[in-house]
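Before I ask anything, let me first share the structure, which is written out below as C-alpha coordinates.
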Amino acid sequence: MTDAPIVDIDPFSDEFRRDPEPAGERLQEAGPVVYLKSHGIYGMARYAEVHAVLRDHESFCSSGGAGLANFKKEKPWRPPSLLLEADPPEHTRVRRIVSRIMSPRVVEGLRPEFERRADELAARVAARGEIDGVAELAQAYPLLVFPDAVGVGEDGRENLIRYGSMVFNSFGPRNELFREAMKDAGPVQEWIAAHTRRDALAPDGLGDRLYQAADRGEITSDEAALLVRSLLSAGVDTTAHALAWALHTFATHPAEWARVRDDPSLVRPAFEEVMRLASPVLTMFRTTAREVTVAGTVIPADEKVLLFIAAANRDPREWPDPHRFDIDRRAAHHLSFGSGVHACVGAAIARLEAEALFTALARHVRTIELAGPPTPRPNNSLNALAELPLHLTAAR
Ligand code: OVV
(Lines give C-alpha, C1' and ligand atoms only; values in the text may rest on other atoms or scores of the structure.)
Protein backbone atom coordinates (compact mmCIF):
# COMPACT_ATOMS: atom_id res chain seq x y z
CA MET A 1 0.00 0.00 0.00
CA THR A 2 2.76 2.42 0.96
CA ASP A 3 6.54 2.20 0.86
CA ALA A 4 6.83 4.26 4.06
CA PRO A 5 7.91 2.29 7.16
CA ILE A 6 4.83 1.44 9.22
CA VAL A 7 5.06 2.49 12.86
CA ASP A 8 2.65 1.55 15.64
CA ILE A 9 2.89 4.74 17.69
CA ASP A 10 -0.36 6.52 18.59
CA PRO A 11 0.50 10.23 18.91
CA PHE A 12 -2.83 10.88 20.64
CA SER A 13 -2.45 8.25 23.35
CA ASP A 14 -1.70 8.85 27.05
CA GLU A 15 1.43 6.77 26.57
CA PHE A 16 2.80 9.12 23.89
CA ARG A 17 1.93 12.24 25.87
CA ARG A 18 3.53 10.93 29.04
CA ASP A 19 6.88 10.43 27.36
CA PRO A 20 7.05 11.80 23.79
CA GLU A 21 10.86 11.73 23.52
CA PRO A 22 11.57 8.01 22.96
CA ALA A 23 8.64 7.87 20.52
CA GLY A 24 10.05 10.88 18.66
CA GLU A 25 13.40 9.13 18.37
CA ARG A 26 11.75 5.91 17.14
CA LEU A 27 9.87 7.88 14.49
CA GLN A 28 13.07 9.62 13.37
CA GLU A 29 15.00 6.34 13.24
CA ALA A 30 12.25 4.63 11.24
CA GLY A 31 12.79 7.06 8.34
CA PRO A 32 12.15 10.54 6.98
CA VAL A 33 8.50 9.63 6.29
CA VAL A 34 6.53 7.05 8.25
CA TYR A 35 3.00 5.65 8.12
CA LEU A 36 1.13 5.66 11.43
CA LYS A 37 -1.32 2.81 11.23
CA SER A 38 -3.02 3.92 14.47
CA HIS A 39 -4.79 6.71 12.54
CA GLY A 40 -4.02 5.93 8.88
CA ILE A 41 -1.82 8.99 8.47
CA TYR A 42 1.69 9.85 7.36
CA GLY A 43 4.15 11.35 9.81
CA MET A 44 7.46 13.17 9.84
CA ALA A 45 9.65 13.80 12.88
CA ARG A 46 13.01 14.82 11.45
CA TYR A 47 13.81 18.54 11.40
CA ALA A 48 14.72 18.72 7.69
CA GLU A 49 11.47 17.17 6.44
CA VAL A 50 9.18 18.95 8.92
CA HIS A 51 10.80 22.26 7.97
CA ALA A 52 10.53 21.51 4.24
CA VAL A 53 6.85 20.52 4.51
CA LEU A 54 5.99 23.69 6.45
CA ARG A 55 7.61 25.73 3.67
CA ASP A 56 5.88 23.86 0.83
CA HIS A 57 2.32 25.10 1.18
CA GLU A 58 1.52 24.12 -2.41
CA SER A 59 2.09 20.40 -1.91
CA PHE A 60 1.07 20.36 1.77
CA CYS A 61 -2.03 22.48 2.09
CA SER A 62 -3.81 23.90 5.11
CA SER A 63 -7.36 24.12 3.74
CA GLY A 64 -7.71 20.41 4.61
CA GLY A 65 -7.35 21.45 8.27
CA ALA A 66 -4.43 21.63 10.69
CA GLY A 67 -5.76 18.66 12.66
CA LEU A 68 -6.52 14.99 12.04
CA ALA A 69 -9.88 15.72 10.41
CA ASN A 70 -9.69 16.10 6.63
CA PHE A 71 -11.96 19.06 5.90
CA LYS A 72 -12.41 17.79 2.32
CA LYS A 73 -14.21 14.76 3.78
CA GLU A 74 -15.39 15.76 7.28
CA LYS A 75 -17.32 18.75 8.53
CA PRO A 76 -15.14 21.00 10.74
CA TRP A 77 -16.37 21.58 14.31
CA ARG A 78 -16.40 25.36 13.69
CA PRO A 79 -16.19 27.49 10.54
CA PRO A 80 -12.57 27.15 9.36
CA SER A 81 -10.04 29.81 10.33
CA LEU A 82 -9.29 32.22 7.47
CA LEU A 83 -5.61 32.03 8.49
CA LEU A 84 -4.77 28.61 9.87
CA GLU A 85 -7.11 26.59 7.67
CA ALA A 86 -6.74 28.40 4.35
CA ASP A 87 -4.34 28.38 1.38
CA PRO A 88 -2.95 31.08 -0.88
CA PRO A 89 -4.29 33.14 -2.57
CA GLU A 90 -7.21 33.49 -0.10
CA HIS A 91 -4.83 33.11 2.83
CA THR A 92 -2.39 35.70 1.45
CA ARG A 93 -5.02 38.43 1.26
CA VAL A 94 -6.09 38.20 4.93
CA ARG A 95 -2.65 37.31 6.24
CA ARG A 96 -1.29 40.56 4.81
CA ILE A 97 -3.89 42.52 6.76
CA VAL A 98 -3.28 40.69 10.03
CA SER A 99 0.51 41.00 9.58
CA ARG A 100 0.04 44.74 9.15
CA ILE A 101 -2.05 45.17 12.30
CA MET A 102 0.63 43.21 14.22
CA SER A 103 3.61 44.87 12.52
CA PRO A 104 6.89 45.40 14.41
CA ARG A 105 5.94 49.07 14.91
CA VAL A 106 2.56 48.16 16.43
CA VAL A 107 4.15 45.52 18.66
CA GLU A 108 6.77 48.02 19.89
CA GLY A 109 3.88 50.33 20.73
CA LEU A 110 2.57 47.66 23.12
CA ARG A 111 5.88 47.47 24.97
CA PRO A 112 5.44 50.16 27.67
CA GLU A 113 2.12 48.75 28.88
CA PHE A 114 3.37 45.12 28.67
CA GLU A 115 6.44 46.10 30.73
CA ARG A 116 4.41 48.02 33.31
CA ARG A 117 2.05 45.06 33.83
CA ALA A 118 4.96 42.63 34.00
CA ASP A 119 6.70 44.69 36.65
CA GLU A 120 3.58 44.88 38.83
CA LEU A 121 2.96 41.16 38.54
CA ALA A 122 6.60 40.20 39.17
CA ALA A 123 6.71 42.38 42.31
CA ARG A 124 3.50 40.78 43.56
CA VAL A 125 4.61 37.15 43.07
CA ALA A 126 8.07 37.85 44.51
CA ALA A 127 6.40 39.08 47.69
CA ARG A 128 4.20 35.97 47.88
CA GLY A 129 7.00 33.43 47.62
CA GLU A 130 4.89 30.27 47.16
CA ILE A 131 2.90 30.36 43.95
CA ASP A 132 1.32 28.25 41.25
CA GLY A 133 3.43 29.35 38.30
CA VAL A 134 0.70 28.39 35.83
CA ALA A 135 -2.27 30.26 37.34
CA GLU A 136 -0.41 33.18 38.88
CA LEU A 137 2.17 33.95 36.20
CA ALA A 138 1.97 31.92 33.00
CA GLN A 139 -1.80 32.35 32.56
CA ALA A 140 -2.23 35.55 34.57
CA TYR A 141 0.19 37.59 32.49
CA PRO A 142 -1.13 36.84 28.96
CA LEU A 143 -4.69 37.21 30.34
CA LEU A 144 -3.75 40.70 31.56
CA VAL A 145 -1.99 42.03 28.50
CA PHE A 146 -3.19 40.24 25.36
CA PRO A 147 -6.97 40.78 25.66
CA ASP A 148 -6.19 44.44 26.47
CA ALA A 149 -4.15 44.69 23.27
CA VAL A 150 -6.99 43.13 21.25
CA GLY A 151 -9.52 45.37 23.02
CA VAL A 152 -11.48 42.71 24.93
CA GLY A 153 -13.06 43.86 28.23
CA GLU A 154 -12.24 42.45 31.67
CA ASP A 155 -15.21 40.12 32.20
CA GLY A 156 -14.92 36.45 31.37
CA ARG A 157 -11.32 36.41 30.17
CA GLU A 158 -10.86 32.91 31.60
CA ASN A 159 -12.97 31.75 28.63
CA LEU A 160 -9.87 32.36 26.50
CA ILE A 161 -7.98 29.59 28.30
CA ARG A 162 -10.92 27.20 27.94
CA TYR A 163 -11.35 28.08 24.27
CA GLY A 164 -7.65 27.60 23.55
CA SER A 165 -7.89 24.17 25.12
CA MET A 166 -10.92 23.33 22.94
CA VAL A 167 -9.23 24.52 19.75
CA PHE A 168 -6.01 22.58 20.36
CA ASN A 169 -7.81 19.41 21.49
CA SER A 170 -9.86 19.59 18.28
CA PHE A 171 -6.70 18.96 16.23
CA GLY A 172 -6.68 15.36 17.47
CA PRO A 173 -9.18 12.51 17.14
CA ARG A 174 -12.66 12.69 18.62
CA ASN A 175 -11.36 11.00 21.77
CA GLU A 176 -12.04 11.45 25.49
CA LEU A 177 -9.85 14.57 25.65
CA PHE A 178 -11.84 16.16 22.84
CA ARG A 179 -15.18 15.25 24.44
CA GLU A 180 -14.02 16.55 27.81
CA ALA A 181 -12.84 19.85 26.30
CA MET A 182 -16.12 20.22 24.41
CA LYS A 183 -18.29 19.54 27.44
CA ASP A 184 -20.18 22.78 28.12
CA ALA A 185 -18.52 24.27 25.02
CA GLY A 186 -21.69 26.25 24.24
CA PRO A 187 -21.22 29.15 26.69
CA VAL A 188 -17.51 29.43 25.84
CA GLN A 189 -18.24 29.60 22.11
CA GLU A 190 -21.00 32.15 22.74
CA TRP A 191 -18.62 34.30 24.79
CA ILE A 192 -16.01 34.10 22.02
CA ALA A 193 -18.56 34.96 19.31
CA ALA A 194 -19.85 37.92 21.35
CA HIS A 195 -16.32 39.23 21.81
CA THR A 196 -15.47 39.12 18.11
CA ARG A 197 -18.25 41.67 17.44
CA ARG A 198 -17.19 45.20 16.73
CA ASP A 199 -19.28 46.71 19.53
CA ALA A 200 -17.47 44.52 22.08
CA LEU A 201 -14.00 45.72 21.04
CA ALA A 202 -12.26 48.80 22.43
CA PRO A 203 -11.48 51.51 19.85
CA ASP A 204 -8.04 51.19 18.21
CA GLY A 205 -7.19 47.80 19.74
CA LEU A 206 -5.99 45.06 17.36
CA GLY A 207 -9.59 43.80 17.01
CA ASP A 208 -10.95 47.23 16.11
CA ARG A 209 -8.14 47.71 13.60
CA LEU A 210 -9.33 44.59 11.77
CA TYR A 211 -12.77 46.20 11.53
CA GLN A 212 -11.10 49.40 10.29
CA ALA A 213 -9.67 47.29 7.46
CA ALA A 214 -13.28 46.23 6.77
CA ASP A 215 -14.31 49.92 6.70
CA ARG A 216 -11.71 50.45 3.99
CA GLY A 217 -13.17 47.56 2.02
CA GLU A 218 -10.08 45.34 2.37
CA ILE A 219 -12.10 42.53 4.00
CA THR A 220 -15.77 42.04 4.90
CA SER A 221 -16.92 42.60 8.47
CA ASP A 222 -17.71 38.85 8.73
CA GLU A 223 -14.07 38.21 7.85
CA ALA A 224 -12.97 40.75 10.47
CA ALA A 225 -14.98 38.82 13.09
CA LEU A 226 -13.34 35.52 12.06
CA LEU A 227 -9.88 37.11 12.22
CA VAL A 228 -10.59 38.42 15.72
CA ARG A 229 -11.61 34.84 16.53
CA SER A 230 -8.14 33.72 15.35
CA LEU A 231 -6.50 36.16 17.76
CA LEU A 232 -8.68 34.86 20.59
CA SER A 233 -8.05 31.21 19.59
CA ALA A 234 -4.30 31.27 19.32
CA GLY A 235 -3.22 34.28 21.38
CA VAL A 236 -3.59 33.35 25.05
CA ASP A 237 -3.44 29.64 25.86
CA THR A 238 -0.39 29.14 23.63
CA THR A 239 1.67 31.90 25.26
CA ALA A 240 0.51 30.72 28.69
CA HIS A 241 2.05 27.29 28.01
CA ALA A 242 5.22 28.82 26.61
CA LEU A 243 5.65 30.98 29.71
CA ALA A 244 4.86 28.03 31.99
CA TRP A 245 7.61 25.99 30.31
CA ALA A 246 10.01 28.90 30.60
CA LEU A 247 9.34 29.02 34.36
CA HIS A 248 9.72 25.25 34.61
CA THR A 249 12.96 25.32 32.65
CA PHE A 250 14.50 28.08 34.79
CA ALA A 251 13.34 26.33 37.99
CA THR A 252 15.14 23.17 36.89
CA HIS A 253 18.25 25.01 35.56
CA PRO A 254 19.18 27.43 38.36
CA ALA A 255 22.61 28.32 36.92
CA GLU A 256 20.98 29.44 33.67
CA TRP A 257 18.37 31.47 35.59
CA ALA A 258 21.21 33.17 37.51
CA ARG A 259 22.87 34.13 34.22
CA VAL A 260 19.63 35.50 32.74
CA ARG A 261 18.76 37.31 35.97
CA ASP A 262 22.16 39.02 36.05
CA ASP A 263 22.12 39.84 32.33
CA PRO A 264 18.58 40.34 30.98
CA SER A 265 19.91 40.70 27.42
CA LEU A 266 19.93 36.89 27.65
CA VAL A 267 16.13 36.73 28.14
CA ARG A 268 15.38 36.69 24.42
CA PRO A 269 17.86 33.96 23.36
CA ALA A 270 16.95 31.93 26.46
CA PHE A 271 13.26 32.11 25.53
CA GLU A 272 14.02 30.83 22.01
CA GLU A 273 15.84 27.90 23.57
CA VAL A 274 12.84 27.25 25.85
CA MET A 275 10.59 27.26 22.78
CA ARG A 276 12.88 24.75 21.07
CA LEU A 277 13.24 22.45 24.04
CA ALA A 278 9.68 22.62 25.41
CA SER A 279 7.67 22.94 22.16
CA PRO A 280 4.29 24.08 23.54
CA VAL A 281 2.74 22.89 20.24
CA LEU A 282 3.61 19.19 19.94
CA THR A 283 2.13 18.41 16.53
CA MET A 284 0.36 20.00 13.56
CA PHE A 285 -1.12 18.53 10.38
CA ARG A 286 -1.05 19.33 6.71
CA THR A 287 -2.97 17.62 3.88
CA THR A 288 -1.34 16.61 0.59
CA ALA A 289 -2.76 18.71 -2.24
CA ARG A 290 -1.39 16.20 -4.80
CA GLU A 291 0.81 13.11 -4.92
CA VAL A 292 4.13 14.15 -3.37
CA THR A 293 7.47 12.37 -3.08
CA VAL A 294 9.45 13.13 0.07
CA ALA A 295 12.93 11.63 0.46
CA GLY A 296 11.96 8.92 -2.04
CA THR A 297 8.65 8.03 -0.37
CA VAL A 298 5.44 8.58 -2.31
CA ILE A 299 2.53 10.12 -0.40
CA PRO A 300 -0.75 9.99 -2.35
CA ALA A 301 -2.96 13.07 -2.79
CA ASP A 302 -5.42 14.04 -0.04
CA GLU A 303 -3.58 12.29 2.81
CA LYS A 304 -3.13 13.74 6.28
CA VAL A 305 0.51 14.33 7.26
CA LEU A 306 1.37 14.77 10.93
CA LEU A 307 4.34 17.00 11.68
CA PHE A 308 6.04 16.18 14.97
CA ILE A 309 7.16 19.72 15.84
CA ALA A 310 8.52 18.82 19.28
CA ALA A 311 10.52 15.88 17.93
CA ALA A 312 11.94 18.01 15.09
CA ASN A 313 13.03 20.58 17.67
CA ARG A 314 15.14 17.85 19.30
CA ASP A 315 16.33 16.07 16.18
CA PRO A 316 20.02 15.21 16.74
CA ARG A 317 20.50 15.58 12.94
CA GLU A 318 19.91 19.33 13.43
CA TRP A 319 20.72 20.06 17.08
CA PRO A 320 23.93 18.97 18.82
CA ASP A 321 23.20 17.55 22.29
CA PRO A 322 19.49 18.17 21.58
CA HIS A 323 18.05 17.48 25.04
CA ARG A 324 20.34 20.00 26.72
CA PHE A 325 19.04 23.47 27.68
CA ASP A 326 21.79 25.67 26.27
CA ILE A 327 21.04 29.39 26.17
CA ASP A 328 24.19 30.01 24.12
CA ARG A 329 22.98 27.93 21.18
CA ARG A 330 21.43 29.53 18.10
CA ALA A 331 17.92 28.21 18.63
CA ALA A 332 15.77 30.74 16.77
CA HIS A 333 15.20 28.41 13.79
CA HIS A 334 13.18 26.03 15.99
CA LEU A 335 9.77 25.13 14.58
CA SER A 336 7.62 26.07 17.58
CA PHE A 337 6.25 29.09 15.68
CA GLY A 338 6.01 27.06 12.48
CA SER A 339 7.70 28.26 9.28
CA GLY A 340 6.69 29.52 5.84
CA VAL A 341 3.51 31.40 4.93
CA HIS A 342 1.64 30.15 8.01
CA ALA A 343 4.40 30.97 10.52
CA CYS A 344 2.89 32.36 13.71
CA VAL A 345 1.61 35.85 12.95
CA GLY A 346 1.66 36.72 16.67
CA ALA A 347 5.21 35.53 17.35
CA ALA A 348 6.49 39.06 17.98
CA ILE A 349 3.80 39.57 20.62
CA ALA A 350 4.61 36.22 22.27
CA ARG A 351 8.29 37.17 22.31
CA LEU A 352 7.48 40.58 23.75
CA GLU A 353 5.41 38.96 26.52
CA ALA A 354 8.27 36.62 27.41
CA GLU A 355 10.84 39.41 27.30
CA ALA A 356 8.75 41.75 29.45
CA LEU A 357 7.79 39.10 32.01
CA PHE A 358 11.22 37.51 32.50
CA THR A 359 13.02 40.87 32.50
CA ALA A 360 10.66 41.96 35.29
CA LEU A 361 11.19 38.66 37.13
CA ALA A 362 14.95 39.20 36.83
CA ARG A 363 14.50 42.48 38.74
CA HIS A 364 12.26 41.09 41.47
CA VAL A 365 13.08 37.41 41.88
CA ARG A 366 16.39 35.97 42.97
CA THR A 367 15.72 32.23 42.82
CA ILE A 368 13.00 30.10 41.22
CA GLU A 369 12.62 26.55 42.55
CA LEU A 370 10.11 23.76 42.11
CA ALA A 371 8.03 23.48 45.29
CA GLY A 372 6.45 20.21 44.13
CA PRO A 373 5.99 18.14 41.00
CA PRO A 374 4.36 19.93 38.05
CA THR A 375 1.01 18.51 36.91
CA PRO A 376 0.51 17.97 33.18
CA ARG A 377 -2.65 19.16 31.45
CA PRO A 378 -3.28 16.51 28.79
CA ASN A 379 -4.19 17.94 25.39
CA ASN A 380 -4.29 16.37 21.91
CA SER A 381 -1.73 18.75 20.42
CA LEU A 382 -0.27 20.85 23.22
CA ASN A 383 2.50 20.15 25.65
CA ALA A 384 0.72 21.73 28.59
CA LEU A 385 1.00 22.16 32.33
CA ALA A 386 -1.99 22.38 34.67
CA GLU A 387 -0.04 23.36 37.76
CA LEU A 388 3.53 24.36 38.52
CA PRO A 389 4.20 24.82 42.27
CA LEU A 390 7.05 27.28 42.65
CA HIS A 391 9.04 28.72 45.51
CA LEU A 392 10.42 32.17 44.70
CA THR A 393 12.86 34.19 46.74
CA ALA A 394 12.73 37.95 46.31
CA ALA A 395 15.66 39.98 45.03
CA ARG A 396 17.49 41.79 47.82
C1 OVV B 1 -2.21 28.84 15.01
C2 OVV B 1 -3.66 28.74 15.35
C3 OVV B 1 -4.07 27.87 16.32
C4 OVV B 1 -5.39 27.80 16.61
C5 OVV B 1 -6.31 28.60 15.96
C6 OVV B 1 -5.91 29.45 14.99
C7 OVV B 1 -4.58 29.54 14.69
C8 OVV B 1 -6.94 30.29 14.28
O9 OVV B 1 -6.59 30.96 13.31
O10 OVV B 1 -8.10 30.29 14.68
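Scan the range 277-294 and tell me whether some residue there is more than 16 Å from the ligand (Cβ to nearest atom), under 24 Å from the mean Cα position of the chain (by Cα) and closer than 22 Å to Glu353 by Cα.
The answer is yes, given that some residue of the range 277-294 is more than 16 Å from the ligand (Cβ to nearest atom), under 24 Å from the mean Cα position of the chain (by Cα) and closer than 22 Å to Glu353 by Cα.
Among the residues of the range 189-228, which ones are more than 14 Å from Ala149 (Cα to Cα) and within 14 Å of the ligand (Cβ to nearest atom)? If you could, list the steps in order and put the result at the bottom.
Of all residues in the range 189-228, those more than 14 Å from Ala149 (Cα to Cα) come to 189-194, 197-199, 211-227.
Passing the criteria: Gln189, Ile192, Ala193, Glu223, Ala224, Ala225, Leu226, Leu227.
As an exercise: evaluate Glu90 against (1) more than 30 Å from Asp56 (Cβ to Cβ); (2) within 16 Å of the ligand (Cβ to nearest atom); (3) more than 21 Å from the chain's Cα centre (by Cα); (4) not β-branched (Val, Ile, Thr) and give the number of the one condition it does not meet.
(1)
Okay, moving on. Just checking, which of Ala301, Ala347, Ala310, Ala255 is within 16 Å of the ligand (Cβ to nearest atom) and free of Cβ contacts under 8 Å to residues at least 40 places away in the same chain? Let's see the steps before the verdict.
Values: Ala301 fails: within 16 Å of the ligand (Cβ to nearest atom); Ala310 fails: free of Cβ contacts under 8 Å to residues at least 40 places away in the same chain; Ala255 fails: within 16 Å of the ligand (Cβ to nearest atom).
The conditions single out Ala347.
Quick one: in the range 229-247, which of the residues that are closer than 19 Å to Ser103 by Cβ and of a type in the set (Ser, Thr, Tyr) is farthest from the ligand (Cβ to nearest atom)?
To start, the set of residues in the range 229-247 that are closer than 19 Å to Ser103 by Cβ comprises 230-231, 234-235, 239.
From what is left, the residues that are of a type in the set (Ser, Thr, Tyr) are 230, 239.
Details: Ser230: 3, Thr239: 12 Å.
Residue satisfying both the conditions and the ranking: Thr239.
Give me a count of the residues in the range 187-215 that are surrounded by fewer than 20 Cβ atoms within 10 Å (Cβ to Cβ) and either touching an Asp or Glu at 6+ places or on another chain (Cβ under 8 Å) or closer than 30 Å to Phe16 by Cα (or both).
Qualifying residue count for the region: 5.
May I pose another question? Looking only at the range 114-125, which residues are of a type in the set (Lys, Arg) and within 24 Å of the chain's Cα centre (by Cα)? If you could, list the steps in order and put the result at the bottom.
Initial filter on the range 114-125 (of a type in the set (Lys, Arg)): 116-117, 124.
Answer for the range 114-125, where residues must be of a type in the set (Lys, Arg) and within 24 Å of the chain's Cα centre (by Cα): just Arg117.
Another question about this same structure. Just to check your reading of the model, which residue among Glu218, Glu272 is part of a helix (DSSP H, G or I) and among the charged types (D, E, K, R)? Step through it out loud before you land on a result.
Working: Glu218 fails: part of a helix (DSSP H, G or I).
From the options Glu218, Glu272, the qualifying one is Glu272.
Filter the range 160-188 for residues that are of a type outside the set (A, V, I, L, M), within 30 Å of Lys304 (Cβ to Cβ) and in a helix (DSSP H, G or I) and give the result.
Once the filter is applied, which keeps residues that are of a type outside the set (A, V, I, L, M), within 30 Å of Lys304 (Cβ to Cβ) and in a helix (DSSP H, G or I), the range 160-188 yields Arg162, Tyr163, Gly164, Ser165, Phe168, Asn169, Glu176, Phe178, Arg179, Glu180, Gly186.
Another question about this same structure. All but one of (1) within 14 Å of the ligand (Cβ to nearest atom); (2) in contact with a His (Cβ under 9 Å, 6 or more places away or on another chain) hold for Pro76; which doesn't?
(2)
Evaluate the range 280-290: report whether one residue or more is surrounded by fewer than 18 Cβ atoms within 10 Å (Cβ to Cβ) and in contact (Cβ under 8 Å) with a residue 40 or more places away in the chain.
From the range 280-290, those surrounded by fewer than 18 Cβ atoms within 10 Å (Cβ to Cβ) are 290; that's our starting set.
Remaining after also requiring in contact (Cβ under 8 Å) with a residue 40 or more places away in the chain: 290.
For the range 280-290, residues surrounded by fewer than 18 Cβ atoms within 10 Å (Cβ to Cβ) and in contact (Cβ under 8 Å) with a residue 40 or more places away in the chain: present.
Sticking with this one: Within the range 126-149, is there a residue that is hydroxyl-bearing (Ser, Thr, Tyr), within 14 Å of the ligand (Cβ to nearest atom) and within 18 Å of the chain's Cα centre (by Cα)?
Of the range 126-149, the ones hydroxyl-bearing (Ser, Thr, Tyr) are 141.
Those left that are additionally within 14 Å of the ligand (Cβ to nearest atom): none.
Scanning the range 126-149, I find no residue that is hydroxyl-bearing (Ser, Thr, Tyr), within 14 Å of the ligand (Cβ to nearest atom) and within 18 Å of the chain's Cα centre (by Cα), so the answer is no.
How many residues are assigned to a loop (DSSP other than H, G, I, E, B), within 18 Å of Gly172 (Cα to Cα) and within 16 Å of the ligand (Cβ to nearest atom) when one looks only at the range 16-67? Spell out how you get there, then give the answer.
Here is the first cut: in the range 16-67, the ones assigned to a loop (DSSP other than H, G, I, E, B) are 19, 31-33, 37-40, 45-46, 56-59, 62-67.
Now narrow it down to the ones that are within 18 Å of Gly172 (Cα to Cα): 19, 37-40, 45, 62-67.
Then drop every residue that is not within 16 Å of the ligand (Cβ to nearest atom), which leaves 62-67.
Qualifying residue count, the range 16-67: 6.
Please work out which residue is farthest from Pro142 (Cα to Cα), limiting yourself to the range 95-113 and to residues that are within 20 Å of the chain's Cα centre (by Cα) and within 15 Å of the ligand (Cβ to nearest atom). Quick ask: steps written out before the conclusion?
Step one: of the range 95-113, the residues within 20 Å of the chain's Cα centre (by Cα) are 95, 98-99, 101-104, 107.
After this cut, where a residue has to be within 15 Å of the ligand (Cβ to nearest atom) as well, the list is 95, 98-99, 101-102.
On the way: Arg95: 23, Val98: 19, Ser99: 20, Ile101: 19, Met102: 16 Å.
Per the criteria, the residue is Arg95.
Still on this model: Does the range 352-369 contain at least one residue that is buried (at least 22 other Cβ atoms within 10 Å of the Cβ), touching a strand residue (DSSP E or B) at 6+ places or on another chain (Cβ under 9 Å) and assigned to a loop (DSSP other than H, G, I, E, B)?
For the range 352-369, residues buried (at least 22 other Cβ atoms within 10 Å of the Cβ), touching a strand residue (DSSP E or B) at 6+ places or on another chain (Cβ under 9 Å) and assigned to a loop (DSSP other than H, G, I, E, B): absent.
Let me ask something else about it. Restricting to the range 263-276, and then to whatever is in contact (Cβ under 8 Å) with a residue 60 or more places away in the chain and over 21 Å from Pro320 (Cα atoms), can you tell me which residue is nearest to the ligand (Cβ to nearest atom)?
Top of the filtered list is Val267.
Quick check: is even one residue across the range 61-77 touching an Asp or Glu at 6+ places or on another chain (Cβ under 8 Å), modelled with pLDDT of 95 or more, hydroxyl-bearing (Ser, Thr, Tyr) and under 17 Å from Tyr42 (Cβ atoms)?
yes
Separate question: So the check is Cβ under 7 Å with 6+ separation or different chains; which pairs have a first residue in the range 145-165 that's buried (at least 19 other Cβ atoms within 10 Å of the Cβ) and at pLDDT 95 or above and a second one that's part of a loop (DSSP other than H, G, I, E, B) and among the basic types (Lys, Arg)?
What qualifies is Pro147/Arg157.
Out of all the residues in the range 41-62, is one or more out of contact with any strand residue (DSSP E or B) (no Cβ under 9 Å at 6 or more places or on another chain) and of a type in the set (D, E, K, R)? If you could, list the steps in order and put the result at the bottom.
First, pick out the residues of the range 41-62 that are out of contact with any strand residue (DSSP E or B) (no Cβ under 9 Å at 6 or more places or on another chain): 47-48, 51, 55, 58.
Pick out the ones that are also of a type in the set (D, E, K, R) and you get 55, 58.
Yes, the range 41-62 contains at least one residue that is out of contact with any strand residue (DSSP E or B) (no Cβ under 9 Å at 6 or more places or on another chain) and of a type in the set (D, E, K, R).
The values are calculated or read from the model by the stated rules, or taken from the named source; none is laboratory data. If you're wondering where the values come from, they're calculated on a predicted model, not measured in any experiment. Glycine gets a Cβ as well: all are built from the backbone with ideal geometry, and neighbour counts include every protein chain shown.
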